[in-house]
Every structure is written in structure tokens, then in C-alpha cells.
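Reviewing the structure listed below.
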Amino acid sequence: MHLLSAGRSNRVAGIEFSSSGHALAQADRNGGLEVWDPDTLGLIAQASLPPSVPNSGPVGLAFGPGGKAVAFGDNHGTVMILNLQPVRPPHYLEKPFESWTVTGLAFSPDGRYLAAGGWDFEAALFDAHSGRLLTLIGDESYLDFQRAEFTPDSRRLALVSDGIITLWDLHSKRNVLSLFVTGDDVIDQLRFDPTGERLFITVQDSCKIYSAPRTQ
């Protein structure tokens with residue numbers, strides 16, 4: 001067994017592996033981020049969110065495709081992207097509005113977009129390279145988008161609102177599908193398989209699999 005440092009705090013808020021498995025991101029409760037090589041246990045990069053309310057901690061953490069970048073944010077709406085190939089100073093994303101929060105982050109598989117959901121009627125879609133806010137996704141029918149995941153073709157975005165999954169077309173910004181899957185139970189994770197034909201979710205102590213519509 002090996003132990004990694006928890007940065008400035010002894011409380012780890014989140015961990016995430018890159019898709020290649022060659023990097024492991026670890027975020028602590030005080031807004032610190034460390035990216036490690038899991039094979040050598042060497043530190044690849046580190047950064048920090050600006051100071052915020054103590055122990056609020058980052059609540060969104062996601063790797064970009066190929067492990068080239070990692071994004072994380074807190075419930076005060078601050079989101080940072082740290083480029084890893086090569087390692088560069090972090091840049092911060094524009095807040096859609098002052099009271100905006102972040103509870104879930106996801107990069108599109110083509111690397112163009114970063115989606116961020118929070119305790120609001122809309123999720124934000126950013127340019128993953130510049131951090132520029134591109135658009136807001138949502139029609140005020142659903143509140144609190146806690147999780148986000150792109151379809152493999154990067155054309156649609158699945159958002160979680162409590163026990164409901166909605167699928168949004170990025171071109172039209174319309175909701176094309178709603179799945180009422182768990183009632184009041186919170187969905188912890190959701191993932192599409194590489195074909196985009198199946199959707200996997202984890203809820204409490206179970207994993208559920210749904211047939212997802214093909215994107216044309």
C-alpha cells in the first residue's frame with residue numbers, strides 16, 4: 001500500500017484517474033490539487049484554487065481526453081483548468097453569474113468543451129482551451145445539475161438532476177430525452193460506453209444499465 005500526500009489538508013475531497021491510467025488527480029478540502037504518476041508516485045503538477053470558505057473544498061474534478069488537462073472547482077463557482085502536456089500555470093473560467101456554483105465537471109471526448117453543472121437551472125458550456133463561456137444549457141424545467149457526461153461523439157450532454165437524467169443536444173440546446181430513473185435517490189456517477197448505446201449509472205449500492213439512443 002502507498003499513501004499520497006493530501007496537500008495542505010488531511011481531508012481528500014476527490015480523486016480521478018485519467019483515461020490512460022497514467023495520471024491520478026487528488027483534490028483536498030482546502031482547494032489544493034496534486035496530479036501524480038500512479039506508477040512511480042512522482043508528483044506531475046500541483047495548483048490551488050483561490051482561498052474560499054474553509055472546508056468548502058473542490059466538488060468537481062475531471063480529466064480531459066488523453067490526460068492532457070484536469071479541471072476542478074468548488075461550490076463557490078470557481079473552476080480551474082490545469083494543462084499537463086506540457087505543464088502550464090492554471091487558468092480560471094468565467095463565472096456565468098456571481099451566485100453560480102459547481103458540483104460536476106466533464107470534458108467532451110473531442111477535447112473542445114468543458115461542461116459544468118451546479119445548483120441552478122442551467123449548466124455552463126465552456127471552451128476547454130480558452131476557458132471562455134460559450135452558452136448555458138437548460139430550460140428551467142429542472143433544478144440542480146449535479147453530474148454531467150458527454151456522449152462519445154461530443155454532440156450531446158447528459159445532466160443529472162436528483163433522480164432524473166436529461167439529454168441535451170448542444171447544437172439546438174434542446175432537451176431531447178428525459179429519464180426518471182431513481183425517484184429521490186441521488187445518482188452518484190454516470191458513464192456512456194464507447195459506442196454511446198448504453199448508459200451506466202451508480203445509485204447507492206447498485207449499478208444500473210440503460211439502453212441509450214443513438215446520436216445521428
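Here are some notes:
- Matching residues, segment 165-211, being among the small types (Gly, Ala, Ser), surrounded by 12 or more Cβ atoms within 10 Å (Cβ to Cβ) and under 26 Å from residue 16 (Cα atoms): 196
- Verdict on residue 40 being among the hydroxyl-bearing types (Ser, Thr, Tyr) and in contact with an Asp or Glu (Cβ under 8 Å, 6 or more places away or on another chain): no
- Number of residues in segment 109-166 that are part of a loop (DSSP other than H, G, I, E, B) and closer than 15 Å to residue 72 by Cα: the value is 5.
- The single condition among (1) over 24 Å from residue 125 (Cα atoms); (2) buried (at least 19 other Cβ atoms within 10 Å of the Cβ); (3) touching an Asp or Glu at 6+ places or on another chain (Cβ under 9 Å); (4) of a type in the set (A, V, I, L, M, F, W, C) that residue 35 does not satisfy is (3).
- Applying a threshold of 6 Å to beta carbon distances and a minimum spacing of six or more residues, or different chains, the list of pairs starting in segment 1-28 at a residue that is more than 18 Å from residue 189 (Cα to Cα) and in a loop (DSSP other than H, G, I, E, B) and ending at one that is of a type in the set (D, E, K, R) and at pLDDT below 90 reads 6/28; 7/28; 9/28; 9/29; 11/29.
- Just one of the numbered conditions (1) surrounded by 18 or more Cβ atoms within 10 Å (Cβ to Cβ); (2) among the hydroxyl-bearing types (Ser, Thr, Tyr); (3) free of Cβ contacts under 8 Å to residues at least 40 places away in the same chain is not true of residue 103: (3).
- Scanning segment 73-99 for residues being in a loop (DSSP other than H, G, I, E, B) and either within 14 Å of the chain's Cα centre (by Cα) or within 17 Å of residue 114 (Cβ to Cβ) (or both) gives a total of 10.
- Candidate set from segment 115-138 (those that are charged (D, E, K, R) and within 16 Å of residue 69 (Cβ to Cβ)); member that is modelled with the highest pLDDT: 127
- Some residue of segment 139-156 being more than 19 Å from residue 64 (Cβ to Cβ) and of a type in the set (A, V, I, L, M): yes
Yes/no matrix, rows are residues, columns are (1) within 17 Å of the chain's Cα centre (by Cα); (2) within 17 Å of residue 106 (Cβ to Cβ); (3) without any contact (Cβ under 8 Å) to a residue 24 or more places away in the chain:
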| residue | (1), (2), (3) |
| --- | --- |
| 159 | yes, yes, no |
| 162 | yes, no, no |
| 166 | yes, yes, no |
| 169 | no, yes, yes |
| 191 | yes, yes, no |
| 195 | no, no, no |
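- Against the test of being over 26 Å from residue 121 (Cα atoms), surrounded by fewer than 20 Cβ atoms within 10 Å (Cβ to Cβ) and either modelled with pLDDT under 90 or among the acidic types (Asp, Glu) (or both), the options 50, 54, 89, 65 yield a single qualifying residue, 54.
The values are calculated or read from the model by the stated rules, or taken from the named source; none is laboratory data. Being a predicted model, the structure only gives us computed values, none of them experimental. In this analysis, Cβ positions are derived from the backbone assuming ideal geometry, glycine residues included, and neighbour counts consider all displayed protein chains.
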